[in-house]
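Here's the structure we're looking at; comments come further down.
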Amino acid sequence: MLKVVGVIGYKNSGKTTLIHALARELTGRGYEVSVIKHSSHHMDLPEKDTTTLREAVKQVGFISPQESAVFWNKSLSLENMIPYLEADIVLVEGWKGGKTFPKIVCLREGLDDDGPDPVKDLFDGLAICAVGPAGQVDGLAVPHFERDEVGMIADLVAEKAFKLPNLDCGSCGRETCYDLAREIVAGSGSVEDCGALQPTTEVKVDGQPMPMNPFIAEIVRSTILGMLSPLKGFKKGKVEIRF
Ligand code: SF4
């Protein structure tokens, strides 16, 4: 099952450095790792042609012998972006408001006295650990690590990362995905409680099951059901298609 963890914190709290170190550590352990950076600003693209084109058209694709990219002129949801990634683990940088995955909170010294209270602002029940100067987390029941304890932080990511679908469908008995996410982080709930993540679709090619993440499985299922359901003779139940 796909694992997602956020790395959040204020400016200059070491988020990017930690993401680099974690990506190297987890890749070295054999995981395929992707990173999504979340920002409230425009992307800083040095390539002027691409920037000008992006202002004029709906989408721009970029293909070179070494790399490929697609630029959307709109903000995608995390759930819509994840299916484009080839990853076992996705590290999300800077999505403080995300409520469907656990987070690592990066702390720093020298916060403004009149700024937000970091405990209320950054700890929303989804923190699996805090990294950096410990003073601000005194009394909080989250593990604390120094910035260079990357191996132990990576252990925690491999064990605790998860992603709920953000459907708020209620079929797990909780009102929202956030409710279950907090229970999972606290150790009183399980990702298996999420009915939307149980396998709904099996695709075999030459008899071999194709691995699909739950979002793709749901897209395949709902697309095929959408095409079949208006047809005469369609009934709800198990569907088999062979070609
Ligand atoms: S069943 Fe899954 S998608 Fe639905 S509310 Fe619960 S956690 Fe969210």
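The mean sequence separation of alpha-carbon pairs under 8 Å and at least six residues apart, normalised by the residue count of the stretch 57-175, gives a relative contact order of 21 percent.
Counting only Cα atoms, the size of the stretch 82-214 along its three principal axes is 60, 33, 25 Å, in decreasing order.
Fewest-first ordering of L53, L126 by other beta carbons within 10 Å of each residue's beta carbon gives L53, L126.
Between D117 and V57, the C-beta separation translates, for a Förster distance of 41 Å, into a calculated FRET efficiency of about 0.40. For the chain, the relative contact order comes to 23 percent (Cα pairs under 8 Å, sequence separation of at least 6).
Among DSSP beta bridges whose residues both lie in the chain, state the antiparallel percentage, nearest 5.
Restricted to the chain, the bridges split so that about 25 percent are antiparallel.
With both bridge residues required to lie in the stretch 54-180, what share of the DSSP beta bridges run antiparallel, to the nearest 5%?
45 percent
Within the same chain, lysines fewer than 8 places from K163 are excluded, and of the rest, those with a Cα less than 26 Å from its Cα are K3, K11, K15, K37, K74, K96, K99, K103, K120, K204. Stretched out straight at 0.36 nm per residue, the stretch from K96 to E32 would grow longer than its current Cα-Cα span by 20.7 nm. As a calculated quantity, the FRET efficiency between N73 and V203 at R0 = 41 Å, using C-beta atoms, amounts to about 0.80. Computed over the stretch 199-243, the alpha-carbon pair-distance distribution with 5 angstrom bins reads 5, 19, 29, 26, 14, 7, 1, each value a whole percent.
Placing unit charges on each Cβ (+1 for Lys and Arg, -1 for Asp and Glu) gives the stretch 155-231 a dipole about its Cα centre, and among P165, P230, V220 the Cα reaching farthest toward its positive end belongs to P230.
Overall size of the stretch 3-160 from C-alpha positions, given as principal axis extents largest first: 52, 42, 25 Å. Beta-bridge orientation, the stretch 101-243: approximately 25 percent antiparallel, per DSSP, counting only bridges with both partners inside.
Quick note: the coordinates plus some simple rules give every number you see, no bench work behind them. No experiment lies behind these values; they were computed from the predicted model shown. Cβ atoms come from the backbone with ideal geometry, glycine included; neighbour counts cover every protein chain shown.
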